[in-house]
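Structure first, commentary second.
The values are calculated or read from the model by the stated rules, or taken from the named source; none is laboratory data. As the structure is a prediction and not an experimental result, all values here were calculated from the model. With ideal geometry, Cβ positions are generated from the backbone for all residues, glycine too; neighbour counts draw on all protein chains shown. Areas reflect the complete protein model, heavy atoms only, side chains present, ligands, DNA and RNA absent. Shrake-Rupley method; radii C 1.70, N 1.55, O 1.52, S 1.80 Å.
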Amino acid sequence: MGTIVDAAYTEGNKSALSVKKPKVVFVLGGPGSGKGTQCANIVEHFGYTHLSAGDLLRAEINSGSESGTMIQNMISEGTIVPPEITIKLLEKAILESENDKFLIDGFPRNEENRATFESVTGIVPKFILFFDCSEEEMERRILSRNQGRVDDNIETIRKRFKVFVESSLSVINYYNSKGKVKKIDAGKPVAEVFEAVKAVFNPVDDKVNLLPRCYPIEFGRYVMYHRTI
């Protein structure tokens with residue numbers, strides 16, 4: 001198999017996924033918005049399996065496989081890892097799991113990721129859980145978490161915020177036009193945020209917290225407007 005998913009592999013996995021019919025929720029939010037903490041709560045209370053695109057890529061690198069070496073080389077050279085590679089890892093994790101409910105965290109990162117995921121897997125997410133948090137609050141959290149990450153400095157943090165605004169919000173806009181975005185105020189304390197999350201995952205409240213079809217998204221110094229018909 002090459003670096004890009006081949007047709008036979010894609011069709012075979014799409015067939016297997018169509019039989020399994022997994023329920024997928026995309027989890028999006030800026031760095032420091034608390035996605036990881038809330039994903040852990042959702043796993044514990046609602047029985048989902050948490051799949052982090054970044055964790056899957058790192059695990060593949062650490063495995064020492066041919067694909068892992070290729071991914072490492074791409075990252076080292078500053079080359080963007082093709083979405084097909086990440087999607088292949090996500091598909092593998094979904095098919096190998098006995099569960100049928102998945103949180104996919106940190107993916108899709110942009111429109112190309114989104115379109116490729118739906119085309120390759122045939123999966124349309126149940127909804128998108130969007131953790132909305134001000135840039136100032138996310139910056140404060142990242143700087144205070146003291147996890148020793150090399151990218152936890154002001155300049156790099158703000159670059160990460162800008163990348164999120166310029167890429168991931170286009171994905172949120174797209175799914176909002178389909179009525180699939182559920183927005184959570186992630187600036188509140190962890191327990192309060194999870195109360196809002198629980199309402200979203202309660203089947204009775206399936207329609208709550210949908211963003212209006214015409215709305216501004218405020219993200220720190222940025223405001224993006226999206227309008228749909």
Flag if Asn41 is open to solvent by less than 60 Å² (accessible area, probe 1.4 Å) and among the polar types (S, T, N, Q): yes
Residue within segment 5-26 that is under 21 Å from Ile172 (Cα atoms), open to solvent by 30 Å² or more (accessible area, probe 1.4 Å) and of a type outside the set (Ser, Thr, Tyr) present: yes
Pair list, Cβ < 9 Å and 6+ apart or interchain, from segment 19-48 residues that are closer than 14 Å to Ile94 by Cα and free of Cβ contacts under 8 Å to residues at least 40 places away in the same chain to residues that are open to solvent by 10 Å² or more (accessible area, probe 1.4 Å) and among the aromatic types (Phe, Trp, Tyr): none
Odd one out for Val120, checked against (1) under 19 Å from the mean Cα position of the chain (by Cα); (2) within 25 Å of Lys162 (Cβ to Cβ): (2)
Those residues of segment 107-133 which are of a type in the set (Asp, Glu) and under 12 Å from Pro83 (Cα atoms), in sequence order: Glu111, Glu112, Glu118
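Looking at Ile104, Ile142, can you tell me which residue is modelled with pLDDT under 90, farther than 15 Å from Pro82 by Cα and of a type in the set (Val, Ile, Thr)?
On the way: Ile104 fails: modelled with pLDDT under 90.
Only one candidate qualifies: Ile142.
Here is a list: Leu90, Leu51, Leu57. Which entry is open to solvent by 20 Å² or more (accessible area, probe 1.4 Å) and modelled with pLDDT of 90 or more?
Values: Leu90 fails: open to solvent by 20 Å² or more (accessible area, probe 1.4 Å); Leu51 fails: open to solvent by 20 Å² or more (accessible area, probe 1.4 Å).
So the residue among Leu90, Leu51, Leu57 that is open to solvent by 20 Å² or more (accessible area, probe 1.4 Å) and modelled with pLDDT of 90 or more is Leu57.
With a cut-off of at least 2 residues that are hydroxyl-bearing (Ser, Thr, Tyr), name the helices (runs of 4 or more DSSP H) lying wholly within segment 51-143. Quick ask: steps written out before the conclusion?
On the way: elements: 53-62, 66-76, 83-96, 111-121.
Of the helices (runs of 4 or more DSSP H) lying wholly inside segment 51-143, those with at least 2 residues that are hydroxyl-bearing (Ser, Thr, Tyr) span 66-76, 111-121.
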Every residue from segment 153-167 that is without any contact (Cβ under 8 Å) to a residue 24 or more places away in the chain and open to solvent by less than 50 Å² (accessible area, probe 1.4 Å): Thr156
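Return yes or no: is Thr86 touching a residue at least 12 places away in the same chain (Cβ under 8 Å) and over 23 Å from Lys182 (Cα atoms)?
Numbers: touching a residue at least 12 places away in the same chain (Cβ under 8 Å): yes; over 23 Å from Lys182 (Cα atoms): yes.
Here the answer is yes, as Thr86 does meet what is asked.
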Selection count where residues are closer than 18 Å to Pro125 by Cα, part of a loop (DSSP other than H, G, I, E, B) and not small (Gly, Ala, Ser), scope segment 167-205: 3
Unmet requirement for Tyr174, which otherwise passes all of (1) within 19 Å of Phe107 (Cβ to Cβ); (2) without any contact (Cβ under 8 Å) to a residue 60 or more places away in the chain; (3) open to solvent by 60 Å² or more (accessible area, probe 1.4 Å): (2)
